[in-house]
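Structure record follows, encoded as structure tokens.
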Amino acid sequence: MSKVRFQPWRLFLLLGAVGILAGGPRHPGGSMAEMLAHPDWVLSHVLVLAGYISLLVALILFRRDGGLPTRTAKWARLAVIGTALMATEAVFHTFAYLDHANLMAGRTTPILTIHLALAVVLYPVFSVTMIGFMLAGARERVIGSRWITWLGILGAAMHGMAPPLVVGLGLTDFTFLFPGVVLFALWELIATFLPARGVVRVPAAAPLAATA
């Protein structure tokens with residue numbers, strides 16, 4: 001009986017899901033000043049940041065794990081870029097609490113301002129690249145499944161639309177979109193344990209025949 005090979009990307013995908021599921025629901029509510037002053041701000045965002053970093057590692061390892069179908073390979077590369085940008089934004093997001101005193105005093109808030117500006121642009125980038133990756137991976141049967149793809153797409157789309165609507169356009173009624181990231185994390189969690197049935201292994205080159 002052949003042994004099932006352990007795939008390290010699955011471990012990091014699981015860690016990514018755990019980080020987002022643990023940190024996302026802890027995000028404080030209220031006004032910006034209230035959120036920045038809340039004791040859960042740092043813990044919540046450190047956990048989510050760890051989740052994005054773990055997801056980034058999972059995607060990198062997934063790409064290196066073996067030959068992939070063309071469409072999945074393309075979207076995996078884009079998802080790596082999108083996740084790296086998202087993790088960068090999450091660093092500013094985490095440390096935005098340092099501007100609480102500046103916000104209360106009416107002074108400039110450089111870290112908070114960078115975080116908000118990046119969020120408007122990079123959340124949608126992450127959303128689009130991950131949706132493309134999830135669709136390609138499910139279609140080519142290398143990650144996830146068509147039975148759970150809708151969950152990841154819904155979560156990523158909700159989370160991606162939130163900053164442009166809430167921060168960019170000031171439509172605060174759409175803050176309910178932010179928790180969509182939890183649905184995306186559930187896709188990660190389930191995808192961790194689903195078998196990949198469509199991986200294309202690139203055969204090793206045959207040795208050249210000896211010439212007479």
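Brief remarks follow.
- Of all residues in the stretch 172-188, those being under 15 Å from the mean Cα position of the chain (by Cα) and either part of a loop (DSSP other than H, G, I, E, B) or more than 11 Å from Arg10 (Cβ to Cβ) (or both) number 10.
- Val121 meets all of the listed conditions (1) touching a helix residue (DSSP H, G or I) at 6+ places or on another chain (Cβ under 8 Å); (2) in a helix (DSSP H, G or I) but one, namely (1).
- Scope the stretch 64-109; condition touching a Ser or Thr at 6+ places or on another chain (Cβ under 7 Å) and farther than 30 Å from Glu140 by Cβ; matching residues: Asp99, Asn102, Leu103
- Wholly within the stretch 8-113, helices (runs of 4 or more DSSP H) carrying at least 1 residues that are among the acidic types (Asp, Glu): 32-37, 40-64, 70-95
- Residue list for the stretch 20-44, restricted to those being open to solvent by less than 10 Å² (accessible area, probe 1.4 Å) and within 18 Å of Phe184 (Cα to Cα): Ile20, Gly23, Ser44
- Subset of the stretch 46-89 (residues that are more than 26 Å from Ala117 (Cβ to Cβ) and of a type in the set (Lys, Arg)): Arg63, Arg64, Arg71, Lys74
- Inter-residue pairs, beta-carbon under 8 Å, first without any contact (Cβ under 8 Å) to a residue 60 or more places away in the chain and in the stretch 165-177, second part of a loop (DSSP other than H, G, I, E, B) and of a type in the set (A, V, I, L, M, F, W, C), 6+ apart: Leu165/Leu171; Val166/Phe178
- Of the residues making up the stretch 158-171, those that are open to solvent by 10 Å² or more (accessible area, probe 1.4 Å) and either touching a Cys at 6+ places or on another chain (Cβ under 8 Å) or in a helix (DSSP H, G or I) (or both) are Met158, His159, Met161, Pro164, Leu165, Val166, Val167, Gly168.
- Figure legend. Inter-residue proximity from the stretch 51-71: first residues touching a residue at least 40 places away in the same chain (Cβ under 8 Å), second residues among the acidic types (Asp, Glu), beta-carbon distance below 9 Å, spacing 6+ or different chains. Indicated pairs: Gly51/Glu188; Leu55/Glu188; Ala58/Glu188; Leu68/Glu140; Pro69/Glu140; Arg71/Glu140.
- Flag for Val128 being among the β-branched types (Val, Ile, Thr), out of contact with any Phe, Trp or Tyr (no Cβ under 6 Å at 6 or more places or on another chain), at pLDDT 95 or above and open to solvent by 10 Å² or more (accessible area, probe 1.4 Å): yes
- Matching option when the condition is buried (at least 22 other Cβ atoms within 10 Å of the Cβ), at pLDDT below 95, of a type in the set (A, V, I, L, M, F, W, C) and within 20 Å of Glu188 (Cα to Cα), among Leu55, Leu59, Leu68: Leu68
The values are calculated or read from the model by the stated rules, or taken from the named source; none is laboratory data. Fair warning: this is a prediction, and the values are worked out from it, not measured in the lab. All Cβ positions, glycine included, derive from the backbone under ideal geometry; neighbour counts span all protein chains shown. Note: areas computed on protein heavy atoms with side chains; ligands, DNA, RNA excluded. Shrake-Rupley method; radii C 1.70, N 1.55, O 1.52, S 1.80 Å.
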